[in-house]
Amino acid sequence: MRAVVYDAAGQAPRVDAVPRPMCPPGGAIVRVEATGVCRSDWHAWRGHDPVPLPHVPGHEFAGTIAEVGAGVREWEVGARVTAPFVNGCGLCEFCIRGDSQVCPDQTQPGFTHAGSFAEYVVVHAADLNLVRLPESIAFTTAAALGCRFATAFRAVTVHGDVHPGDHVAVFGCGGVGLSAVTIAAALGARVTAVDVSAPALARAQELGAAEVITAADPVDAVVRATDGGAHVTIDALGSAATANAAMRSLRRGGRHVQVGLMLGAAATASLPWDRIIAWELSVTGSHGMAAKDYPPMIAMVEDGRLAPDRLIGAVTDLQGAADALVAMDGPALASGIVVALPGTSADADG
Ligand SMILES: [Zn+2]
Ligand SMILES: [Zn+2]
């Protein structure tokens with residue numbers, strides 16, 4: 001099959017023929033109809049996140065089941081599906097209680113094994129991890145759900161517990177930040193978006209932000225815009241500065257959700273503990289969303305309250321996915337998520 005592959009971290013990814021994956025017991029092979037390009041793929045390619053080499057990236061996808069492994073009960077060939085980027089084992093205490101997004105034995109297509117920049121991808125523990133897609137949701141739209149949008153949905157609805165009228169401040173307006181903006185706005189929150197990029201803030205406004213703020217130290221402006229501090233802040237960027245600014249932009253009893261990855265020195269960044277204690281702030285990490293929690297999000301996409309396709313900037317082929325990965329060496333573009341259709345590659349071999 002054709003896939004985007006690289007042999008070493010940072011080596012130019014190429015479209016090449018690779019062996020089609022074998023279907024594991026309990027797993028499924030999904031024929032990839034559409035796959036999104038995410039900054040996490042770039043982190044793995046640049047070596048920030050170790051992956052087996054040679055490697056096929058890609059972890060947000062939608063497609064049809066091509067094969068099911070021994071023991072799979074819920075699924076049949078031909079079903080339209082997507083999957084979260086974190087796939088639980090289905091056996092541990094965390095999976096059993098419904099929190100497969102923190103499974104210690106998790107698999108991740110595009111990280112622990114070959115990903116979806118390919119004609120076929122393996123999903124392990126298919127009964128736990130596959131999500132059925134209604135006919136009304138296009139594969140390109142569903143590919144935009146898998147990582148950033150689902151992660152933002154859980155951050156806003158579960159950890160943020162956002163209700164109509166709440167002030168929500170989103171720091172960082174890349175893919176996950178813009179997803180959080182549009183989801184919080186759809187739930188009736190009043191959203192303030194913070195970024196250093198004017199084009200990113202313009203997109204945030206189009207997607208439902210009521211206020212936009214660009215400032216080196218945005219805390220005072222956010223507190224003013226949120227009528228005394230946000231009920232919920234989300235750091236969708238992932239840096240010591242944004243995480244701290246977001247926490248200091250909360251009102252008393254507020255909730256901060258950390259979605260942006262804290263890499264390198266940021267992993268051990270200090271928190272404003274005095275404020276967290278005196279104001280009884282909550283600080284929660286958020287890591288994807290389990291397949292069992294997809295139905296409310298799918299329902300909001302089906303009835304039009306959420307339109308993740310509005311986050312798509314370009315639709316391309318596998319070579320375009322490789323090019324988009326390399327382009328992430330530069331600053332993030334406000335144009336949106338790049339989605340590749342492996343079946344449209346000029347040299348696809350089916
Ligand atoms: Zn597990
Ligand atoms: Zn991702």
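What follows is calculated from the coordinates using simple rules that are stated; it is not laboratory data. Just so we're clear, the structure is a prediction, and the values are computed from it rather than from any experiment. FYI the Cβ positions are ideal-geometry reconstructions off the backbone, even for glycines, and counts take in every protein chain you see.
Translational diffusion coefficient, Stokes-Einstein: compute it for the chain using the Kirkwood radius over C-alpha pairs as Rh, at 10 °C and 1.306 mPa s, and state it as an integer in µm² s⁻¹. Please report the intermediate quantities before stating the final value.
On the way: Rh = 20.3 Å.
Diffusion coefficient, whole number: 78 µm²/s.
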Subject >> Radius, Kirkwood style, for region 42-152 when every pair of distinct Cα atoms is counted (Å) >> reply: 14.5
Original post:
In degrees from 0 to 90, rounded to the nearest 10, what is the angle of the helix 175-186 Cα long axis to the longest principal axis of the chain?
Top reply: 60
Original post:
What ³J(HN,Hα) values, in whole Hz, does the Karplus curve 6.51 cos²θ - 1.76 cosθ + 1.60 give for region 158-171 when θ = phi - 60°, with x put for Gly and Pro?
Top reply: 9, 5, x, 6, 6, 10, x, x, 5, 8, 10, 10, 10, 9
**OP:** Kindly identify region 133-261 as rounded, prolate or oblate by the Cα gyration tensor criterion: order the square roots of the eigenvalues as a ≥ b ≥ c, call it rounded if a/c is under 1.5, otherwise compare a/b with b/c, prolate if a/b is larger, else oblate.
**Re:** prolate
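Quick one: net charge of Val259's neighbours, Cβ under 10 Å, K/R +1, D/E -1? Please report the intermediate quantities before stating the final value.
Details: positive: Arg148, Arg154; negative: Asp235.
Neighbour charge sum, excluding Val259 itself: +1.
Compute the Cα gyration tensor for region 262-336, then decide on rounded, prolate or oblate, letting a ≥ b ≥ c be the square roots of its eigenvalues: rounded whenever a/c is under 1.5, prolate when a/b is larger than b/c in the other cases, and oblate in all that remain. Please report the intermediate quantities before stating the final value.
Details: a/c = 2.69, a/b = 1.35, b/c = 1.99.
Oblate, since a/c reaches 1.5 and b/c is not below a/b.
Can you give the local net charge around Gly69? Use residues other than it whose beta-carbon is closer than 13 angstrom to its beta-carbon, Lys and Arg +1, Asp and Glu -1. Don't skip to the end; give the middle numbers.
Details: positive: Arg73; negative: Glu67, Glu74, Glu76, Asp127.
Summing Lys and Arg as +1 and Asp and Glu as -1 gives -3.
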Original post:
region 1-102: percent of C-alpha pairs farther apart than 18 Å?
Top reply: 58
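According to the Cα gyration tensor, what semi-axes, each the square root of 5 times an eigenvalue, does the equivalent ellipsoid of region 193-315 have, listed from largest to smallest in whole Å? Kindly include the intermediate steps, with their values, before the conclusion.
Details: eigenvalues 134, 70, 50 Å².
Largest first, region 193-315 gives 26, 19, 16 Å.
Once you order the gyration tensor axes a ≥ b ≥ c over the Cα atoms, which shape class does region 87-168 get: rounded for a/c under 1.5, otherwise prolate or oblate by comparing a/b with b/c?
Working: a/c = 2.06, a/b = 1.25, b/c = 1.65.
Since a/c reaches 1.5 but b/c is at least a/b, the shape of region 87-168 is classed as oblate.
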**OP:** First select every other residue whose beta carbon is under 13 angstrom from the beta carbon of Ser116; then total the charges, Lys and Arg +1, Asp and Glu -1.
**Re:** -2
**OP:** Show the residues, 5+ positions off or on another chain, whose built amide H is closer than 5 Å to the amide H of Leu281.
**Re:** Gly253
**OP:** Please provide three numbers in whole Å: the alpha-carbon extents of region 58-121 along the principal axes, with the largest listed first.
**Re:** 32, 26, 17
Original post:
Roughly how many Å is it from the Cα centre of region 157-204 to that of region 7-51, as a whole number?
Top reply: 30
